[in-house]
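Before any comments, here is the structure.
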Amino acid sequence: MVIERIQASLEGKKRIIYLGDGVGDYCPSLKLGPTDYMMPRKNFPVWDLICRNPVLIKAEIHEWSDGEELEKVLLQIINMVAVEGDDGKSSQLISVVDCKLQTISASANALPRALPVPQ
């Protein structure tokens, strides 16, 4: 029910990026649309459920296995969405923490840029 309230509260062209690892994250992932993203933690219960029948998930699936990979994949998706939404207007990113409808709005231009790490 929470995911439906979140989807209903979104206006305009908004996308959901859903991160999960537990069994309880499976049902909400089934309600995501084709413009949304599901990020299951690899080799955890939600990943196993998705792998059993991945065609049930309409959202784009991007797995991750640790914090470093989570950051990399999430930033790739955010950058991709920001570029796609680049129509002269600032894109808005809305973060929903723990599905408790706590939202934070930020302009994509206000987000800090990642610093390159010397190798």
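Here, each number is a calculation from the coordinates, and none is a lab measurement. Everything numeric in this text was worked out from a predicted model, so none of it was measured. Reconstructed Cβ throughout: ideal geometry from the backbone, glycine too, with neighbour counts over all protein chains shown.
Can you run phi through the Karplus equation (6.51, -1.76, 1.60; θ = phi - 60°) for segment 2-19 and list ³J(HN,Hα) in whole Hz, with x for Gly and Pro?
Running phi through 6.51 cos²θ - 1.76 cosθ + 1.60 with θ = phi - 60° gives 5, 5, 5, 5, 5, 4, 5, 7, 7, 10, x, 8, 10, 10, 10, 10, 10, 9 Hz.
Can you work out the Karplus-derived ³J(HN,Hα) for every residue in segment 50-61? Use 6.51 cos²θ - 1.76 cosθ + 1.60 with θ = phi - 60°, whole Hz, and x for glycine or proline.
For segment 50-61, the Karplus-derived couplings read 5, 5, 5, 7, x, 5, 6, 8, 7, 6, 6, 9 Hz, x marking Gly and Pro.
Given H placed on each backbone N at 1.01 Å, which residues far from ILE61 in sequence or on other chains put an amide H within less than 5 Å of it?
Here the answer is MET38, since their amide H atoms fall under 5 Å of that of ILE61.
Rounded to the nearest 0.05, what FRET efficiency is calculated for VAL23 and ILE77 with R0 set to 25 Å and r the Cβ-Cβ distance?
On the way: r = 24 Å, r/R0 = 0.94.
Result of the calculation: an efficiency of 0.60.
Is the shape of segment 23-78 rounded, prolate or oblate, going by the alpha carbon gyration tensor and its root eigenvalues a ≥ b ≥ c, with a/c under 1.5 for rounded and a/b larger than b/c for prolate? Numbers along the way, then the final one.
Numbers: a/c = 2.17, a/b = 1.25, b/c = 1.73.
Judged from the Cα gyration tensor, segment 23-78 comes out oblate (a/c at least 1.5, b/c at or above a/b).
Summing +1 for each Lys or Arg and -1 for each Asp or Glu, what net charge is found among the other residues whose Cβ lies under 13 Å from the Cβ of VAL23?
Details: positive: ARG41, ARG52; negative: ASP21, ASP25, ASP48.
Once all neighbours under 13 Å are counted, the net charge is -1.
Need the full-extension length gain, LEU70 to ASN43, defined as separation in residues times 0.36 nm minus the C-alpha distance. One decimal, nm.
Values: separation 27, 0.36 × 27 = 9.72 nm, distance 1.38 nm.
Full extension from LEU70 to ASN43 adds 8.3 nm.
Could I have the simple spin-label model distance between LYS58 and GLU84, label points 7 Å from Cα toward Cβ, reported in nm to one decimal?
1.4
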